[in-house]
Amino acid sequence: MDNSKPITQNSQLTTHNSQPPTRILVIGSGGREHAIGWKFAEDFKKKNQELELFFIPGNAGTAQLGQNISLKSLEEIRDFAKEEKIDLTFVGPEDELSRGIVDLFQEAGLEIFGPDQKSAHLEASKAFAKDFMNKYGVKTATYKTFQGPMLAIEYLESQEFPIVVKASGLAAGKGVIICQNFEEAKKAVLEIMEDKAFGEAGSEVVIEEYLEGFEASILSFFNGKEIVPFVSAKDHKKIGEGETGLNTGGMGVLAPNPLFKREHFDAFESGILQPTLKGLLEENLLFSGVIFFGLMITSKGVYLLEYNLRMGDPETQATLPLLENDLYEIVRKSNRGEDFKLEFSNQQACCVVMVSGGYPLNYEKGFEIRGLENVQSPYFIAGAQLSDGKFLTSGGRVVNVVGIGETMEEARTIAYENVKRIHFDYEYYRNDIGLD
């Protein structure tokens with residue numbers, strides 16, 4: 001799994017068969033998209049078949065695997081896929097999905113993996129998702145939705161605290177505020193709905209009961225008939241060690257989640273997965289793509305916090321290296337509505353995220369990343385661009401380093417050994433990932 005010498009566009013596999021290379025397009029620019037491209041490349045290398053990878057827009061890491069293309073509109077991306085005879089498009093981010101890229105591609109007869117715009121609403125609107133959960137008996141926190149601040153604040157006056165206030169729309173993984181008392185909750189509602197702290201995502205708010213426990217993430221593939229789950233994962237969202245400080249997009253991931261036991265999975269399957277499947281079939285929300293279940297495990301059982309309709313970031317970076325199936329073949333089967341099983345190795349994965357100092361608030365960019373050539377485990381670029389052959393930081397989350405081992409302790413040791421080979425000015429990472 002050493003990706004310190006990745007396949008590049010100019011050093012594709014040479015084979016003696018007459019088959020033209022498979023052409024895959026990955027939409028997105030983060031560590032998740034680098035990991036998806038890496039998995040495709042690893043699988044094609046194993047079966048000694050040619051592959052051409054394209055990324056829109058991609059980053060410095062994806063440029064080592066294929067070709068980065070700069071296009072803005074969904075129509076331009078569709079036209080590119082048509083002109084370049086792309087065999088499969090895999091969509092990473094939620095934004096393009098919620099804007100209907102899948103519908104656009106399917107109308108043009110192009111193969112794409114992801115939910116249509118109607119189904120993507122399960123992530124794009126928390127209010128819609130909560131109503132769906134409630135209708136089909138998916139175990140979730142009690143809630144109420146509001147389109148205006150005054151009624152929301154009036155409702156808060158009669159509630160117990162802590163309580164959770166959420167912007168209903170897409171807020172780039174943010175927009176969820178845990179409030180300890182009425183004043184904090186009132187402030188959260190006003191910031192979301194009047195100050196537009198999260199833009200139009202705050203036109204509607206969801207207020208729900210606070211659940212205490214530990215979180216788990218389960219990615220899955222849906223083929224329009226069956227939901228097939230991945231191994232569980234544990235995200236570390238806070239910037240500080242011991243899960244302290246501000247929320248981030250994710251500072252590290254463990255897979256499988258060491259706290260998530262068989263009884264938790266059974267409860268998830270009966271109380272969340274099966275009712276979700278029933279609802280999707282009854283509501284005719286049929287697609288081939290990803291369903292991400294964000295779970296909270298409490299003393300009262302396993303609850304669903306949210307759906308995402310795409311791969312998680314950085315959960316993808318920890319789970320895909322454990323996936324033993326050929327990703328291209330599984331996605332094609334899913335698109336055809338065929339049955340498939342997902343097989344994962346018995347190993348453990350520990351992903352450590354290196355970030356720019358100051359993240360998730362203000363941080364500087366443009367610092368050279370040194371030492372990547374010395375890394376001997378999978379690494380995935382999240383926020384870096386190439387300039388004159390050098391990797392320069394360009395985002396808050398910069399690089400994800402993944403250790404794979406027979407035990408979590410071994411995986412953690414490998415991850416941190418390789419993290420210490422990478423350097424850039426003002427780098428920061430948590431030292432406690434994998435100590436759970």
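The values are calculated or read from the model by the stated rules, or taken from the named source; none is laboratory data. All figures in this text were calculated on a predicted structure; none of them were measured in a lab. Every residue, glycine as well, gets a Cβ built from its backbone with ideal geometry; the counts of neighbours run over all protein chains shown. Remember, those area values only see protein heavy atoms, side chains included, never the ligands or the DNA or RNA. Shrake-Rupley method; radii C 1.70, N 1.55, O 1.52, S 1.80 Å.
Numbers at a glance
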item: Per residue accessible area in Å² of the range 303-378, where ligands, DNA and RNA are left out and the probe is 1.4 Å; result: 40 Å²
item: Relative contact order of the chain, defined on C-alpha pairs under 8 angstrom at six or more residues apart (%); result: 16 percent
item: Cβ-Cβ FRET estimate between residue 339 and residue 85, R0 fixed at 25 Å, reported to 0.05; result: 0.30
item: Pairwise FRET efficiency - residue 73 versus residue 281, Cβ, R0 = 30 Å, nearest 0.05; result: 0.35
item: By average C-beta atoms within 10 angstrom, highest first, the peptides 152-162, 93-103, 76-86; result: 93-103, 76-86, 152-162
item: Set of aspartates and glutamates with alpha-carbon distance to residue 126 below 15 Å, sequence-local pairs under 8 removed; result: 94, 95, 200, 204, 208, 209, 306
item: For the range 129-277, size of Cβ-based charge dipole, Lys and Arg +1, Asp and Glu -1, in debye; result: 460 debye
item: Amide proton proximity set for residue 398, modelled H, under 5 Å, gap of 5+; result: 354, 355, 356, 383
item: Extended-chain gain in nm, criterion 0.36 nm per residue less alpha-carbon gap, residue 262 and residue 435; result: 60.2 nm
item: Partners for residue 300 among lysines (Cα-Cα distance below 22 Å; same-chain residues under 8 apart left out); result: 130, 135, 139, 144, 234, 261
item: Net charge dipole size for the chain [Lys, Arg +1 and Asp, Glu -1 on Cβ; Debye, nearest 20]; result: 400 debye
item: Simple label model, 7 Å out from Cα along Cβ direction - residue 183 to residue 407, nm; result: 4.9 nm
item: Phi to ³J(HN,Hα) by Karplus 6.51 cos²θ - 1.76 cosθ + 1.60 over the range 348-357, Hz, x for Gly, Pro; result: 10, 10, 10, 9, 10, 9, 9, 10, 6, x
item: Counting all C-alpha pairs of the range 65-106, share separated by more than 18 Å (%); result: 21 percent
item: Reach of residue 237 by Cα under 17 Å, taken over lysines that are not fewer than 8 positions away in the same chain; result: 166, 174
item: For the range 348-436, alpha-carbon Rg and Dmax in angstrom; result: 12.9, 41
item: Computed [θ] at 222 nm, deg cm²/dmol, the chain (DSSP H ≥ 4; -39,500 (n - 2.57); rounded to nearest 500); result: -7500 deg cm²/dmol
item: Leading residue at positive end of dipole, the chain (Cβ point charges), from 294, 127, 53; result: 53
item: Among 256, 73, 279 - extreme Cα towards positive end, dipole of the chain, charges at beta-carbon; result: 256
item: Potential extension, residue 190-residue 142 segment - 0.36 nm per residue separation minus Cα distance; result: 15.1 nm
item: Full-extension gain in nm, residue 210 to residue 237, via 0.36 nm per residue minus C-alpha separation; result: 8.0 nm
item: The chain: equivalent-ellipsoid semi-axes (sqrt of 5 x gyration tensor eigenvalues, Cα, Å); result: 33, 26, 22
item: When the convex hull of its Cα atoms is projected in every direction, mean area for the range 103-165 (nm²); result: 6.3 nm²
item: In Hz, Karplus ³J(HN,Hα) per residue of the range 273-286 (6.51, -1.76, 1.60; θ = phi - 60°; x = Gly, Pro); result: 5, 5, x, 5, 4, 4, x, 4, 5, 5, 8, 6, 8, 10
item: Cα centroid of the range 277-335 to Cα centroid of the range 107-182, whole Å; result: 18 Å
